[in-house]
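Let me begin by presenting the structure, written as structure tokens, before commenting on it.
The values are calculated or read from the model by the stated rules, or taken from the named source; none is laboratory data. Since the model is a prediction, treat every value here as computed from it, not as a measurement. For neighbour counting, all protein chains shown are included, and Cβ atoms are generated from backbone atoms with ideal geometry for every residue, glycine included.
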Amino acid sequence: MLIAGIDEAGRGCLIGPMVLCAVAIEQEREGELWQIGVRDSKRLTPSKRERLGEQIAQIAHSVQMALVFPQEIDQENLNVLSKKKSAELISRLDPDWVYLDVPARGTGIQKYCQAIRWLVGREDLKIFGENRADQNYAVVAAASIVAKVVRDAEIKKLHKLYGDFGSGYPSDPKTKSFARNCLAAHEGLPPIIRTKWSTVARIRKSRKQLPLFGGFGKEEE
């Protein structure tokens, strides 16, 4: 039986893409992922993630990626985008069973999974969703690792083009300073920044610059 795990990196970032990854593997080989050291990507160093990413590619039946850039995120609700991209990845892999790291809790998890099943168009598809599923399922943890490796590589490319803006997350002082300096220069925000993110709204408000418009601070439903 072919199982797949889906997770993302960069969901809450201000700069750079959100990366969704799906790892498909024969169920009887999933234990090999634990054996090589697969775990929640946040608990691993960048070099360890890169090494594991190569090993995951060798063990997996298939690895698929979807990159979602700020311009697209600015145009549509983040949860809607995540569901659409997850459905696209599932359609590419055609697994029997899918494990998802779901950005919801309670009844929201079931609704999230049902929406993806409907988008895929397979009533027979078994989808199991869980918040922080990467902590409990090796195939989801593997997807988390590969997604983080790919996003880190994308951020390095952007550093070469735009300078060191840090990690791209709003909790990073370098990232906030970069966005603040862009606004202060009156040159507008570069396309690598999510312009409708609440962090940008707060910076604009603190500087008493451009008026806010509908959509700020509405990252998720």
message = Within segment 52-68, does at least one residue satisfy the condition of being touching an Asp or Glu at 6+ places or on another chain (Cβ under 8 Å), free of Cβ contacts under 8 Å to residues at least 60 places away in the same chain and closer than 18 Å to Leu119 by Cα?
response = yes
message = Six or more apart or on different chains, Cβ atoms under 6 Å: show the pairs whose first residue is in segment 1-14 and farther than 17 Å from Leu93 by Cα and whose second is modelled with pLDDT under 95 and of a type in the set (Phe, Trp, Tyr).
response = Leu14/Trp197
inquiry  = Just checking, does segment 69-83 include any residue being closer than 17 Å to Leu2 by Cα, outside the structural domain of Pro190 (by TED's automatic domain parsing) and among the aliphatic types (A, V, I, L, M)?
reply    = no
ask   = Pick from segment 1-43 the residues that are of a type in the set (Val, Ile, Thr) and under 20 Å from Ile192 (Cβ atoms): which of them is surrounded by the fewest Cβ atoms within 10 Å (Cβ to Cβ)?
value = Val19
ask   = Which ones in segment 134-151 are more than 14 Å from the chain's Cα centre (by Cα) and surrounded by 15 or more Cβ atoms within 10 Å (Cβ to Cβ)?
value = Gln135, Tyr137, Ala138, Val139
query = Is it true that some residue in segment 122-139 is among the polar types (S, T, N, Q) and at pLDDT 95 or above?
reply = no
task = Taking only segment 80-103 into account, find how many residues are surrounded by fewer than 21 Cβ atoms within 10 Å (Cβ to Cβ) and under 15 Å from Gly10 (Cβ atoms).
result = 2
message = Looking only at segment 173-193, count every residue that is under 24 Å from Gln75 (Cα atoms), in a loop (DSSP other than H, G, I, E, B) and of a type in the set (A, V, I, L, M, F, W, C) and tell me the total.
response = 2
